[in-house]
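Data first, discussion second: the structure below is written as structure tokens.
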Amino acid sequence: GMTGGEKGRAALASIYAGNATRDMRENILRAYMVGGDRADLLAAAKSESDPALRQEAIRNLALAGGKDELWQLYQSNPPVDAKLTIIRSLGMAGDTDHLIPLAKAESNPKVRLEAIRSLGMNGSPKVAAALESLYPGASARAPSRAVIRSLFIRTDATELVALARKEQDPELKRDLVQQLSLMHSKAATDYLMEILNQ
């Protein structure tokens, strides 16, 4: 895996496809990642029948910088557990171009929430605007809480304050204020003082 080259990759693929034990397959997946072998990681993620090894292949694909391959895998409509791992991996890889549309349009609520949460790992300014636009308020509390958590992870106090000022639902308002109270930010402190002085 470290030496790379077609011969090395072919040898690893042959061992993986043969009677390799589970531990050997796991080590081969890591070797693919070390060697930057995204094609064989993608093949393993598509064909592996062991769910744990499939997840390992997906994670290693992210570590190898395989944004395009992860997206290709997602579009092949894998099982939900694999979709969740792909989304987390897209988050690790900083692939906001695919995560933002998934957070907006994914039909499976569990997968959509994971896309919203995964956006919190990215510091891009366009993510803050996307998260704010994804906030549905009291009409859908689970996505709203996912947006709040992602903005908190990104330390976007200004966006959290903006949501708190508009929020009429007591539960969500409390969630917003609670997150702001944990932030060391002038915007958060000013807003909390404003509430105390009302």
GNM top mover of Ala43, Ala17, Ala164 - the chain, alpha-carbon springs below 10 Å: Ala17
Spatial separation of Cα centroids for segment 117-160 and segment 42-91, in angstrom: 25 Å
Residue with peak Gaussian network fluctuation, the chain [Cα springs, cutoff 10 Å], from Gln55, Gln72, Gln179: Gln72
Candidates Thr85, Thr155, Thr21, ranked by Gaussian network fluctuation over the chain, Cα under 10 Å, top entry: Thr21
Computed [θ] at 222 nm, helices only, for the chain once each DSSP H run of length n ≥ 4 contributes -39500 (n - 2.57): -22500 deg cm²/dmol
The chain: Lys pairs at Cα distance under 26 angstrom, eight or more positions apart or on different chains: 23
Solvent-accessible area per residue, Å², over segment 24-161 with all protein chains present [probe radius 1.4 Å]: 43 Å²
Share of carbon and sulfur in the accessible heavy-atom surface of segment 1-129 [1.4 Å probe, %]: 53 percent
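The values are calculated or read from the model by the stated rules, or taken from the named source; none is laboratory data. All values derive from a computational prediction rather than experimental measurement. Just so you know, the surface numbers come from the protein's heavy atoms only, side chains and all, with ligands and any DNA or RNA stripped out. Shrake-Rupley method; radii C 1.70, N 1.55, O 1.52, S 1.80 Å.
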